[in-house]
Amino acid sequence: AELTDPRIMIRSKGKCHININMTGEAECKGADPKWSDKLALPVVDEYIISVDFCEYDEVTGVSDCIGTGAINILPLYKDGKIDARVDLKQQKALGETIAIGTVFMSLSFSGPRGVSFPRDERAVPSYSTEKNDTVPEQPKVSAVDGIRNDEGEWNDEDIRRSFQLIDLDSNGYIGAAEIRHVLIMMGEHVSEEEVDMMISMLDTKGDGQIGYPQFKAMVESEDPANENFLENEDFNCIKDSVVTQRRAEELEKTSKKREVLSRIAGTCNLVKGDVTRMWDVLRQRAFSSSSKVTHDSFKLGYNEFTEIMPAFDNTSEARCIFDLFRNGKHLDGREVVMSFSSFVDSRNEERCRLAFDMYDEDRSGYLSMDEAE
């Protein structure tokens, strides 16, 4: 059947980030739609790209996937340019998979000179932009090989590589925005207070950033939860009783959130559909309140908050949740919805997609620094 607004969505998923981009309206619709869009996807360690054929609803900004396929981009790393054919399949309710069509696309790749791609993927061949005709031999390794040596100690090279993957702007330090971005891409939603607490555990200079020596000390520590572990690395840490007390309070608050959310999810028999409905109501409210959606569009007072929550046995539960998440007189509704998603039967990929959709405020398929912060 012909679709009203067919689109192609391209997704790449790596260890530290997910990128999604979508075409605009087809130039030629009907049974054989055509697009001339040029979509860009930044890559690090990806070697598979997913291709979805969707019907897009411009009013709600929601895309309904009709069929999906995938393409191995290792030949693209080697040759720099390829013409690809992607067969699309659709899975029916009873598990039957049927072919629904084919997407033809041209792909090109450019990367830093001399850098091999995909990076940090030892189980697959990598290709250097300087030596496209040679493929280095790759030993068979398990997921943990190369991270610890025979004595069980961490490998310096892998610690450095892990630090560089989190250091998104390559300035030699890890900041709050980078930690928050990486955790969101992993499907973990944390508050600004929790990120600040993570930073304070390793911030020996008080500048709100983590350097490589502190990061390395944390990775090599047998008990990184112990706030004194940096003293073993001669950092001359100055103990601040106020910071220590704040850290303890934040840990207690986080534990309280988990306890309350787990209890309510069980008592109210919350399922994935309830979380989806909460997000739908919150999103519709945000998009209808202003022509430009910002972080403030998702702020809720108590009365507004109760409108998006499922029915509770008593209103004290709603008040308890509001008090745990609020910052002043308001809370960010996205934090509550994302937190509940961890207590229902949903896969990590689904939670990650939900988090991405929540913070992609301009529906561009990318997260800008302003959106991530």
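The values are calculated or read from the model by the stated rules, or taken from the named source; none is laboratory data. Just so it is clear, the structure is predicted and the values come from calculations on it, not from any experiment. For neighbour counting, all protein chains shown are included, and Cβ atoms are generated from backbone atoms with ideal geometry for every residue, glycine included. The accessibility values were calculated without ligands, DNA or RNA, using every heavy atom of the protein model including side chains. Shrake-Rupley method; radii C 1.70, N 1.55, O 1.52, S 1.80 Å.
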Note to self: with every protein chain in place and a 1.4 Å probe, the stretch 318-373 gives an accessible area per residue in Å² of 45
If each part is reduced to its alpha-carbon centroid, the stretch 257-336 and the stretch 63-85 end up apart, in Å, by 38
Residue 107 neighbourhood, Cβ < 9 Å, K/R = +1, D/E = -1, net charge 0
Among 38/299; 253/292; 38/292, the pairs whose Cα-Cα distance exceeds 30 Å are 38/299; 253/292
Once 295, 330 are ranked on solvent-accessible area with the largest value leading and a 1.4 Å probe, the list reads 330, 295
Using alpha carbon positions and the Kirkwood radius, the Rg to Rh ratio of the stretch 14-65 is 1.01
Once all protein chains are kept in place, residue 192 shows an accessible area at probe 1.4 Å, nearest 10 Å², of 110
Sorted by chain and number, the residues with a modelled amide H under 5 Å from that of residue 101, at a separation of 5 or more or across chains, are 88
Excluding ligands, DNA and RNA, the carbon-plus-sulfur percentage of the accessible area of the stretch 265-325 with a 1.4 Å probe reads 48
Relative contact order in percent for the stretch 1-79 (Cα pairs under 8 Å, 6+ apart) equals 29
HN-Hα couplings for the stretch 298-306 via Karplus (6.51, -1.76, 1.60; θ = phi - 60°), in whole Hz with x for Gly/Pro, come out as 9, 6, 10, x, 4, 4, 5, 4, 5
Measure of exposure for residue 15: accessible area at 1.4 Å probe, Å² rounded to 10, is 130
With every protein chain kept in place and a 1.4 Å probe, the residues 343, 215 fall, from largest accessible area down, as 343, 215
Of every hundred units of 1.4 Å-probe accessible area on the stretch 1-117, the number belonging to carbon and sulfur atoms, as a percent, is 50
With every protein chain kept in place and a 1.4 Å probe, the stretch 1-92 has an accessible area per residue in Å² of 54
